[in-house]
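Student: If you scroll down you'll find the structure; I have some questions about it.
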Amino acid sequence: MKRTNRISRYFHVPIKKLERSSMENTNDSLLLNTINTFSDCDDLTRYSLKNKQLQFLYFKSLIDKKTYEQEVLYPFESLKDDNKTVSAYLKNEQFENICTSEDITERILNGYIAIFLNQSEAYVINAFGPKTRSIKESETETTIIGSHESFIESLAMNLSLVRRRVRSPKLKVVYVSVGEISRNTVALLYIEGLVDMELLDQVKQKINDVEVDIAVDIPIFVQMIDDFPYSFMPQYITTERPDVVVSNLANGKIAGIMDNSPTAFLAPTNFFDFFHSPDDRNQRWAVGSATRVLRILAFFITLTFTAFYVAVTTFHYEMIPEALLMSLAESRNNVPFSPLLEALIMEVTIELLREAGARLPTKIGQTIGIVGGIVIGQSAVQAGLVSNTLIIVVAISAIASFVMPSYMISAALRIARFGLILLAGLLGNYGLLIGIILLLAHLSTLSNLSTPYFNPASPFHPKELVYAILRVPYGKNNRRPTQTRTKNKEDVKSLGTSEYE
């Protein structure tokens, strides 16, 4: 019992900067250099076994306490008090001899325990084991049928979720460091024989070219390696689901997972990838195809419906059926604003409600979204600020935006929708048409890892475009997409979980 209390006491003692006068002949010691490197780091812990000339340095927040006690503290306390016995024990394979203070510093920051013998000889042992949250279902990528696991903030655990699904030595993992200060580890995953090595080299080069002090998270990091950083369109798919990562690896794509991030990115990406959902593969092919077509329809609705209403009510009344025209004219009779200003007011209000619902706690956010939308909409109509028809149009556009399986593409469409509304309000249907042409032109000029972003629509591959929109029965599409197809093995088949199947 006394021993346990002593261990617990030493485990929680923070280390202060070592005074040079407290040690003799330590001007060049590894211990002194390492401690001075961590000066003012009060969360660094130092524990000494003076009778054995041993000292331990570690961050208790990065190590597993049980590993520390069983693999380090108990064994060393039970050894005889002579350097030969201690040195012999340090020759075991779990200990690694380190010769420079820089390497020791790096290992300590990665969850190792540094063991100093006579202040000048250093060894490290891996005791990494910080507490992490348990694996749960993704809140942003929910599915009805299929896997309910999602990534967490542990790189090792995230890799295990992928390895459990691809039990093959062909699944390769390459580590790349990013961030001058944070020094985060990015793991690049690919399947040997399916990936285009030129694309892999491009990803590595882009990551190595990133000059940033601290890399926080994957959604931020991918913006640093975009081919077109000023575009409002997302250029990399980000996902929290390991099954999505595996299915894209089977298509010859590259996945990137960062330590301390629950999100992975996939490359190369095209525009149509953002409309695919894991539920498409889990459902029957007819249901999956119908759902994808519905998403494409929702894309056009959320993008153009409000703009089309503004164009018609401002310039093109002749396009409205006579029966509907009377009802529309009556609803707009008391509205003092033009259709353009009226639409902008309601669209901004919807965006405010959306953001408020997302930032508030879940239960309160749902209440604000429902009650706020109903109360504000009804009050606005009764006050004569907007028409009944516009409320319906804006509501349908907002609902259609929620059909998108990717939040990133949904947010981008919200920006594009405002641009089309302004053009429609100024030029009518001509402005709406010009906006759509500009958007298509922008999509056609984008690239991801030097591959066409609007593939297979531009360049046009009709059969592959059908596979991108429809989910054909399994076994009927055995060729991988042209965007990721290797140049020397165009007849290589996918692993059977293709997003294009």
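The values are calculated or read from the model by the stated rules, or taken from the named source; none is laboratory data. As the structure is a prediction and not an experimental result, all values here were calculated from the model. Here the Cβ is made from the backbone with ideal geometry for all residues, glycine too, and neighbour counts use every protein chain on show. Note: accessible area is taken over every heavy atom of the protein model, side chains too, but ligands, DNA and RNA are not part of it. Shrake-Rupley method; radii C 1.70, N 1.55, O 1.52, S 1.80 Å.
Student: Tally Lys/Arg at +1 and Asp/Glu at -1 over every other residue whose Cβ is under 14 Å from the Cβ of R163; what's the total?
Tutor: +3
Student: For region 387-436, which whole percent of the accessible surface, found with a 1.4 angstrom probe, sits on carbon and sulfur atoms?
Tutor: That share works out to 83 percent.
Student: How high is the relative contact order of the chain? Use alpha-carbon pairs under 8 Å, at least six apart in sequence, and give a whole percent.
Tutor: Computed over the chain, the figure is 14 percent.
Student: Right, here's the next one. What whole number of Å gives the distance from the Cα centroid of region 436-455 to the Cα centroid of region 202-254?
Tutor: A separation of 17 Å, based on Cα centres.
Student: Looking at region 122-257 from every direction and averaging, what is the projected area of its Cα convex hull in nm²?
Tutor: Averaged projected hull area, Cα only: 10.6 nm².
Student: DSSP loop GluC sites (Glu not before Pro) in region 64-121 with at most 11 other Cβ atoms within 10 Å of their Cβ, which ones?
Tutor: The qualifying sites are E93.
Student: Over region 44-139, with every protein chain in place, what whole percent of the accessible area is carbon and sulfur at 1.4 Å, could you tell me?
Tutor: That share works out to 45 percent.
Student: Turning to a different aspect of this structure: Would you calculate the convex hull of the Cα atoms in region 30-69 and tell me its volume per residue in Å³?
Tutor: 78 Å³
Student: Grab every C-alpha pair in region 77-186, bin the distances at 10 angstrom width from 0 up to the longest one, and report whole percents.
Tutor: 10, 28, 29, 19, 10, 3, 0
Student: On to the next question. Could you work out the local net charge near V348, counting Lys and Arg as +1, Asp and Glu as -1, over the other residues with Cβ closer than 12 Å to its Cβ?
Tutor: -1
Student: Carbon and sulfur together cover what percent of the accessible area of region 140-225 at a 1.4 Å probe radius?
Tutor: It is 52 percent, rounded to a whole number.
Student: Within region 39-120, list the trypsin sites (Lys or Arg not before Pro) lying in a DSSP loop whose Cβ has at most 14 other Cβ atoms in a 10 Å radius.
Tutor: Filter output for region 39-120: K80, K91.
Student: In angstroms, what radius of gyration and Dmax does the chain have, counting Cα atoms only?
Tutor: Taking only Cα atoms of the chain, I get Rg and Dmax of 29.8, 102 Å.
Student: Next question, about the same structure. Average the reciprocal distances over every distinct pair of alpha-carbons in region 397-466, invert the result, and give the Kirkwood radius in Å.
Tutor: Details: mean 1/r = 0.0730 Å⁻¹.
Computed over region 397-466, the radius equals 13.7 Å.
Student: So what's the convex hull volume per residue for the Cα atoms of region 273-324, in Å³?
Tutor: 100 Å³
Student: What does the accessible area per residue of region 144-303 come to in Å², with a 1.4 Å probe and no ligands, DNA or RNA counted?
Tutor: With the other protein chains kept in place, region 144-303 gives 41 Å² per residue.
Student: Let me ask you something else. Compute the accessible area per residue over region 30-103, keeping the other protein chains in place, probe 1.4 Å, unit Å².
Tutor: Numbers: 3820 Å² over 74 residues.
Per-residue accessible area for region 30-103 comes out at 52 Å².
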